[in-house]
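**Q** My questions will all concern the structure given below.
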Amino acid sequence: MKRKIDRRTFVAGAAAGASAAVLARPAIAQGVSGNVVIIGGGFAGSTCARVLSSVPGNLKVTLIEPNEIYTACPFSNLVIAGLRDLHQQEFGYEQLAFRGVKVVHASASAVDADKKQVTLSDGTSLSYDRLIVAPGIDIRWDGLPGYNEAAANLMPHAWKAGPQTILLRQQLEAMEDGGVVVMTSPENPFRCPPGPYERASLIANYLKTKKPKSKLLLLDSKDVFSKQRLFLNAWKELYGDLLEWVSLSSGGKVTSVDPQTMVLKTDFATYKANVANVIPPQKAGHIAELAGVTDRSGWCPIDPVSFESRLRPGIHVVGDAAIAGAMPKSAFAANAQAKACAVAVAMMLADKVPVEPRLINTCYSLVAPDYGITVAGVYKPTNGQLLDIPGAGGTSPLDASADFRKQEAVYASGWFRTITAEVFG
């Protein structure tokens, strides 16, 4: 069990994490040349592009992203709960283009690692000296019997922010008071480990304030989850019997769904939902598989110093798609990994040995609009993996005051404004 966060220790760890980019700059100050292509314009890919655009020399940076507007997942649970507008989650790529990044709004359809070429959906190809793959996640449509792309129109996953987010919100708004909302949470690994529990919290908050005769069931494929004691204590305090968590050992693992009847089955029970939010198993974005950088798990093994693929030299993987050891799949983690990867790529193009990074992650969760909780960690490469630095992280205190929880919620908002301004602003 991690201890409470020592703020001074965490700040020291954060400074160490940031130094990966700072310390590497003198080593590449003579200038770097070459072509770097980045696939994926989320927190990881856009951060890589932004950092590489500032490297001295003649480095050409191309970002491939099919969407002209990026819709951020962090804080999208607030949209589902009717507390935020989806437009507040949307960001463009104008600033990256202004910084000299060539932004290509197209899909990458193939990667030839031997020829070092990326083929786009329109048939054109781009050559690279180093390729960075940051495709995020895809849904495993074969991972849960009964759940497929058509089913998602009736039982939305909303695990990619955008139309699915709005669909789930609309379903909650249309449900009569007294209805039953059923959520599912998958086995690890998946994007944003605390995400299902924050979502359950905010949906419960919506029901409590708008439809108090209703109930939320969270069917879980796990017995243990991120910030568990903090969430469970908060649920008991704020929501009582309105929110029920059914753990793996209590029969919470969903084995099949029927979207036509809105029925979810486990090994022990059958649940009928008025609204069902099914968060299915996931894998790395499809282009990672096409590039040959996924293993049998569906995720991408990487070197923890350079983020270079262990399967395809010359290709680096960052963000949710990567197997990053103890580091979770989160926006903050993606941003931190991208900074370290970008510096490593620049150094390798300059025939330098990448420096060993220190990486940080902080994850805020809102249990209610004015009730925040936090987990943080600092990581370093150890025995070929990214592992926790003992004593450098932790969680919010269990016995914090209401004012403390309110301040954590304020910090969460500040974090989102800061990271989106840094990456897209």
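**Q** Could you list, in sequence order, the residues of the range 295-308 that are farther than 17 Å from M327 by Cα and either buried (at least 24 other Cβ atoms within 10 Å of the Cβ) or free of Cβ contacts under 8 Å to residues at least 12 places away in the same chain (or both)?
**A** The one that is farther than 17 Å from M327 by Cα and either buried (at least 24 other Cβ atoms within 10 Å of the Cβ) or free of Cβ contacts under 8 Å to residues at least 12 places away in the same chain (or both): R296.
**Q** Now for a different question. Can you tell me which residue among A333, A340 is among the aliphatic types (A, V, I, L, M), in a helix (DSSP H, G or I), surrounded by 18 or more Cβ atoms within 10 Å (Cβ to Cβ) and without any contact (Cβ under 8 Å) to a residue 40 or more places away in the chain?
**A** The conditions single out A333.
**Q** Looking at this structure, is D114 in the same structural domain as Q88 (by TED's automatic domain parsing) and either without any contact (Cβ under 8 Å) to a residue 40 or more places away in the chain or of a type in the set (S, T, N, Q) (or both)?
**A** Yes; evaluated as a whole, the condition is true for this residue.
**Q** Has the range 392-407 got any residue that is closer than 30 Å to R99 by Cα and either of a type in the set (F, W, Y) or out of contact with any Cys (no Cβ under 7 Å at 6 or more places or on another chain) (or both)?
**A** Taking the range 392-407 and keeping what is closer than 30 Å to R99 by Cα, we get none.
No, the range 392-407 has no match at all.
**Q** Please go through the range 309-322 and give me each residue that is over 17 Å from E356 (Cα atoms), of a type in the set (A, V, I, L, M) and in contact (Cβ under 8 Å) with a residue 60 or more places away in the chain, ordered by number.
**A** I315, A321
**Q** Tell me, which residue of the range 226-241 that is buried (at least 19 other Cβ atoms within 10 Å of the Cβ) and either free of Cβ contacts under 8 Å to residues at least 40 places away in the same chain or not basic (K, R) (or both) is nearest to P280 (Cα to Cα)?
**A** Of everything passing the filter in the range 226-241, S226 is nearest to P280 (Cα to Cα).
**Q** Which residue, of G92, G179, G146, G195, is touching an Asp or Glu at 6+ places or on another chain (Cβ under 9 Å) and under 30 Å from V275 (Cβ atoms)?
**A** Result: G146 is the single residue among G92, G179, G146, G195 that is touching an Asp or Glu at 6+ places or on another chain (Cβ under 9 Å) and under 30 Å from V275 (Cβ atoms).
**Q** Also, quick follow-up: Anything in the range 191-220 that is touching a Lys or Arg at 6+ places or on another chain (Cβ under 8 Å) and among the charged types (D, E, K, R)? List them, or say none.
**A** Residues satisfying the conditions are R191, D220.
The values are calculated or read from the model by the stated rules, or taken from the named source; none is laboratory data. Nothing here was measured: the structure is a model prediction, and the numbers come from that model. No Cβ is skipped: glycine too gets one built from the backbone with ideal geometry, and neighbour counts run over all protein chains shown.
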